[in-house]
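Peer 1: Below is the structure I would like to discuss, written out as structure tokens.
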Amino acid sequence: MTHITSQNLEEINDSLKSASPHEIIAWALARAKKPLITTNFGPYSASLLHALVQQAPNVEVLWVDTGYNTPQTYRFAFNLTEQLQLNIHTYVPQQSVAYRNITLGIPSVEDPKHKIFTEQVKLEPFRRAMQIHQPDVWFTNLRKGQTAHRDSIDVVSINKDGILKVCPFYNYSDEDIEAYLTAYSLPNETKYYDPTKQLANRECGIHL
């Protein structure tokens, strides 16, 4: 990957602010040696998966399956993987849901045990996956307006591990994304449940 520093990050984002998702993806892939995309198969996730595999059909797709997804989400994941022929790599927690139901349950966000829960079902599997795959460019479908943190990162950022994080649909509204899904006859998933967030505007920790 071409070396990118915090000094020229502002210039890069300024140059990409009017670029389309496809142009942003092309820009990032030209600089990537080991690109990777993460997905939760949640709402609007088909947009970035579709856009990326058009240019990088064999890109590694990382899914941390918490074990708490709805039946609809599992069906959506299976069908979209087939439709887009995704090179999917699934990572799961080290503890089963049944075991956790007895030992921990699903703590509320105010409960101190919620940090343990989030670590078990999402953060540990995610760190394990990133250590195995070691990407230099990470595509994710974060968008402006979702949380205060996401408002601060822009289209391109560098995460705490030095990985270039690229959000091709960062400046898209819900309506823009819905138009994209319609244009390419892509499905959407609306029955998604994330037990680590419980609130729509809360970060789970992966993107911090």
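The values are calculated or read from the model by the stated rules, or taken from the named source; none is laboratory data. What you see is a predicted model; the values in this text were computed from it and never measured. As a convention, Cβ positions derive from the backbone with ideal geometry for all residues, glycine included, and neighbour counts pool all protein chains shown. Side chains are part of the model used for accessible areas, which takes the heavy atoms of the whole protein and leaves out ligands, DNA and RNA. Shrake-Rupley method; radii C 1.70, N 1.55, O 1.52, S 1.80 Å.
Results for (1) part of a helix (DSSP H, G or I); (2) touching a residue at least 60 places away in the same chain (Cβ under 8 Å); (3) on the phi > 0 side of the Ramachandran plot, shown as yes or no for each residue.
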| position | (1), (2), (3) |
| --- | --- |
| TRP27 | yes, no, no |
| ARG31 | no, yes, no |
| PRO57 | no, no, no |
| VAL61 | no, no, no |
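Peer 1: Between a first residue in the range 94-107 that is under 15 Å from PRO195 (Cα atoms) and a second residue that is assigned to a loop (DSSP other than H, G, I, E, B), which pairs have beta carbons less than 7 Å apart while being 6 or more apart in sequence or on different chains?
Peer 2: Matching pairs, first to second residue: VAL97/GLY67; VAL97/TYR68; ILE106/PRO195.
Peer 1: So, GLU175, is that one surrounded by 14 or more Cβ atoms within 10 Å (Cβ to Cβ), part of a helix (DSSP H, G or I) and of a type in the set (D, E, K, R) or not? Before you say what the answer is, go through the steps one by one.
Peer 2: Working: surrounded by 14 or more Cβ atoms within 10 Å (Cβ to Cβ): no; part of a helix (DSSP H, G or I): yes; of a type in the set (D, E, K, R): yes.
Considered against the rule, which asks whether it is surrounded by 14 or more Cβ atoms within 10 Å (Cβ to Cβ), part of a helix (DSSP H, G or I) and of a type in the set (D, E, K, R), GLU175 comes out as no.
Peer 1: Quick check on my filter: what residues within the range 71-87 are within 21 Å of LYS191 (Cα to Cα) and in contact with a helix residue (DSSP H, G or I) (Cβ under 7 Å, 6 or more places away or on another chain)? Explain how you work it out, then say what you get.
Peer 2: If we filter the range 71-87 for residues that are within 21 Å of LYS191 (Cα to Cα), which is where we start, we get 71-84.
Within the range 71-87, LEU80, LEU84 qualify.
Peer 1: Does ILE37 satisfy the criteria of being more than 16 Å from MET130 (Cβ to Cβ) and open to solvent by less than 20 Å² (accessible area, probe 1.4 Å)?
Peer 2: Values: more than 16 Å from MET130 (Cβ to Cβ): no; open to solvent by less than 20 Å² (accessible area, probe 1.4 Å): yes.
Taking the combined requirement at face value, the residue does not satisfy it.
Peer 1: Residues in the range 37-45: is at least one closer than 22 Å to SER185 by Cβ, part of a strand (DSSP E or B), among the polar types (S, T, N, Q) and in contact with a strand residue (DSSP E or B) (Cβ under 8 Å, 6 or more places away or on another chain)? If you could, list the steps in order and put the result at the bottom.
Peer 2: Of the residues in the range 37-45, the ones closer than 22 Å to SER185 by Cβ are 37, 39-45.
Going one step further and asking which of them are part of a strand (DSSP E or B), we end up with 37, 39.
Of the ones still in play, those that are also among the polar types (S, T, N, Q) are 39.
Filter again for in contact with a strand residue (DSSP E or B) (Cβ under 8 Å, 6 or more places away or on another chain), leaving 39.
Yes: the range 37-45 contains one or more residues that are closer than 22 Å to SER185 by Cβ, part of a strand (DSSP E or B), among the polar types (S, T, N, Q) and in contact with a strand residue (DSSP E or B) (Cβ under 8 Å, 6 or more places away or on another chain).
Peer 1: Name the residue that is surrounded by the most Cβ atoms within 10 Å (Cβ to Cβ), counting only residues in the range 65-82 that are in contact with a Pro (Cβ under 8 Å, 6 or more places away or on another chain) and in a helix (DSSP H, G or I).
Peer 2: PHE76
Peer 1: Against the condition within 19 Å of the chain's Cα centre (by Cα), closer than 17 Å to HIS133 by Cβ and hydroxyl-bearing (Ser, Thr, Tyr), how does THR81 come out, does it pass?
Peer 2: No; evaluated as a whole, the condition is false for this residue.
Peer 1: Being of a type in the set (A, V, I, L, M), more than 18 Å from VAL155 (Cβ to Cβ) and open to solvent by less than 60 Å² (accessible area, probe 1.4 Å): is that true of LEU62 here? Talk me through it step by step, then tell me what you get.
Peer 2: Working: of a type in the set (A, V, I, L, M): yes; more than 18 Å from VAL155 (Cβ to Cβ): yes; open to solvent by less than 60 Å² (accessible area, probe 1.4 Å): yes.
The answer is yes for LEU62.
Peer 1: With (1) at pLDDT below 95; (2) farther than 19 Å from PRO21 by Cβ; (3) hydrophobic (A, V, I, L, M, F, W, C) as the list, and ILE153 as the residue in question, which single condition is left unmet?
Peer 2: In the conditions (1) at pLDDT below 95; (2) farther than 19 Å from PRO21 by Cβ; (3) hydrophobic (A, V, I, L, M, F, W, C), ILE153 misses (2) alone.
Peer 1: Related question: Does PRO168 satisfy being farther than 23 Å from ALA19 by Cβ, modelled with pLDDT of 95 or more and open to solvent by less than 50 Å² (accessible area, probe 1.4 Å)? Full working, then the answer.
Peer 2: On the way: farther than 23 Å from ALA19 by Cβ: no; modelled with pLDDT of 95 or more: yes; open to solvent by less than 50 Å² (accessible area, probe 1.4 Å): yes.
The answer is no for PRO168.
Peer 1: Out of the range 85-144, which residues are in a helix (DSSP H, G or I), loosely packed, with under 14 Cβ neighbours inside 10 Å and either polar (S, T, N, Q) or on the phi > 0 side of the Ramachandran plot (or both)?
Peer 2: ASN101, THR103, GLN131
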